[in-house]
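Inspection log for the structure reproduced underneath, given as structure tokens.
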Amino acid sequence: MKPIQVGLLGMGVVGSGTFNVLRRNQEEIKRRAGRGIEITMVADLDVARAQSQVGEGVQVVSDARAIIANPDIDIVIELIGGYGIAKTLVLEAIAAGKHVVTANKALLAVHGTEIFAAASAKGVMVAFEAAVAGGIPIIKALREGLTANSIQWIAGIINGTTNFILSEMRDKGIDFAVALKQAQALGYAEADPTFDIEGVDAAHKATLMSAIAFGIPVQFDKAYVEGITQLGAADIKYAEQLGYRIKLLGITKRTPAGIELRVHPSLVPTKRLIANVEGAMNAVMVQGDAVGTTLYYGKGAGSEPTASAVIADLVDITRLHTADPLNRVPHLAFQPNAMSDLHVLPMSDVVTSYYLRLRVADQAGVLAKVTGLLAEAGISIDAVLQREADEVVSDAANTSVPQTDVIILTHDCVEAKMNAALVQMQALSTVLEPITRIRKEELA
Ligand code: HSE
């Protein structure tokens, strides 16, 4: 049978990996897919560089539309990224009847509803395994492997850059800014690392997993997003003393009130496997009612790990493209006419537990006042850690005031209640600095 013909948009790190792995493993891939899969056209602004990578047998063009217009191309791989031209080209490829494979989490998390609707109307597939956790086949696991389950929650380390930074902060006792510089020097963090360190990249991925897990539309705008820029080395150290590691988690959870969708630093018990995922690695925990807890671990970025996911999608499409569109695996795991209208909860309605660090004057009654406010708010304390007074500074009256850190772990409470209690605690004259609040997940 004639090979499936693929056009590749964007010959960057992942594009090169895809081309190389497909060429290197072509015989085995053909035996699996049932027919050959060939990249016959590549679009890249740097035509000469791309041509030197792919050799003379592949047509390289600078205009991506030349690929979309070619009737021989069956599948378009979009590896341009972002919501701009990538969105236009994906929609044009769909309109031209091409199947699309993309690693573009930002595009799908924000415009997925429009893109999947266009694909369904045209009877083509949009596959995006590479968009979440790089080489880990988490989309396949959620959409197919766990299809028997009512998924209860997902918690993932789904951004390698921030996990690398947090690992460095813990290992070396360094602050965020120093660890970020190291990550940039080693090539883990982009020159503009905003999407990674502010949690946006993780939130794009969590949004996609949430949609597939619960059969809801992609709703990035409803995600709560908090990055790691405010984390201090002291909190990582105190968390360790209490038996926890701090990880940037993407969490989505089914609750009686609605769906939680949030990305923020979280304390995770050190004894959990996921707490021990270090460096730039990714891991995703999924809790299903039948299967219990499952854990998926691997490289979340990089040339060939991400290519592994892109090519898995090419093989899926090769196997399924002649199937009746209604009998294919739905884009978001649930049939488009059977989506749920479960709403995504605002962060103020989320129930979780907390780590609090208060810099206080080390005077009689301070701890009693703080814990009294928590008690009045109905927030139950799980553990308290008080350091020895470690600093003496002068107050307004020039009296020497010893200071100390008080660390409090709480039991579960609704976020709105904690927000109100924090305002009251912060107003105490003996609380000397802004209170640090980090959420805690037991992941039991
Ligand atoms: N920048 C991402 C990360 C990889 O650091 O994990 C691509 O999503």
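Confirm whether Ala106 is part of a helix (DSSP H, G or I) and under 26 Å from the mean Cα position of the chain (by Cα). Judged against the criteria, Ala106 is a match.
Output the helices (runs of 4 or more DSSP H) that fall wholly within segment 139-226 and possess 2 or more residues being buried (at least 17 other Cβ atoms within 10 Å of the Cβ) and either among the small types (Gly, Ala, Ser) or away from the ligand (no atom under 16 Å from the Cβ) (or both), or say none. Where helices (runs of 4 or more DSSP H) fall fully within segment 139-226 and carry at least 2 residues being buried (at least 17 other Cβ atoms within 10 Å of the Cβ) and either among the small types (Gly, Ala, Ser) or away from the ligand (no atom under 16 Å from the Cβ) (or both), they are 160-172, 176-185, 200-214.
If the condition is being free of Cβ contacts under 8 Å to residues at least 60 places away in the same chain and of a type outside the set (S, T, N, Q), then segment 222-252 contributes Val225, Glu226, Gly243. What are the residues in segment 423-444 that are hydrophobic (A, V, I, L, M, F, W, C) and either over 30 Å from Gln152 (Cα atoms) or in contact (Cβ under 8 Å) with a residue 40 or more places away in the chain (or both), if any? If the condition is that a residue be hydrophobic (A, V, I, L, M, F, W, C) and either over 30 Å from Gln152 (Cα atoms) or in contact (Cβ under 8 Å) with a residue 40 or more places away in the chain (or both), then Val423, Met425, Ala427, Leu428, Val431, Leu432, Ile435, Ile438, Leu443 are the ones that fit. In segment 103-129, the residues that are under 17 Å from Asp74 (Cα atoms) reach residues that are of a type in the set (A, V, I, L, M) and within 15 Å of the ligand (Cβ to nearest atom) with C-beta atoms within less than 6 angstrom, at least six apart or across chains, in these pairs: Phe128/Leu108. Against the conditions (1) modelled with pLDDT under 95; (2) closer than 28 Å to Lys222 by Cβ, Ala377 satisfies every one except (1). Kindly provide the set of residues from segment 299-312 that are within 16 Å of the ligand (Cβ to nearest atom) and buried (at least 23 other Cβ atoms within 10 Å of the Cβ), ordered by number. Within segment 299-312, Gly300, Thr306, Ala307, Ala309, Val310 qualify. Test Gln53 against the stated conditions and say whether it is surrounded by fewer than 20 Cβ atoms within 10 Å (Cβ to Cβ), in the same structural domain as Glu129 (by TED's automatic domain parsing) and in contact with a Phe, Trp or Tyr (Cβ under 8 Å, 6 or more places away or on another chain). Considered against the rule, which asks whether it is surrounded by fewer than 20 Cβ atoms within 10 Å (Cβ to Cβ), in the same structural domain as Glu129 (by TED's automatic domain parsing) and in contact with a Phe, Trp or Tyr (Cβ under 8 Å, 6 or more places away or on another chain), Gln53 comes out as yes. Scanning segment 319-334 for residues that are within 20 Å of Glu38 (Cβ to Cβ) and out of contact with any Lys or Arg (no Cβ under 6 Å at 6 or more places or on another chain) yields a total of 3.
The values are calculated or read from the model by the stated rules, or taken from the named source; none is laboratory data. All of these numbers come straight from a predicted model, not from anything done at the bench. Note that each Cβ is placed from the backbone with ideal geometry, even for glycine, and that neighbours are counted across all protein chains shown.
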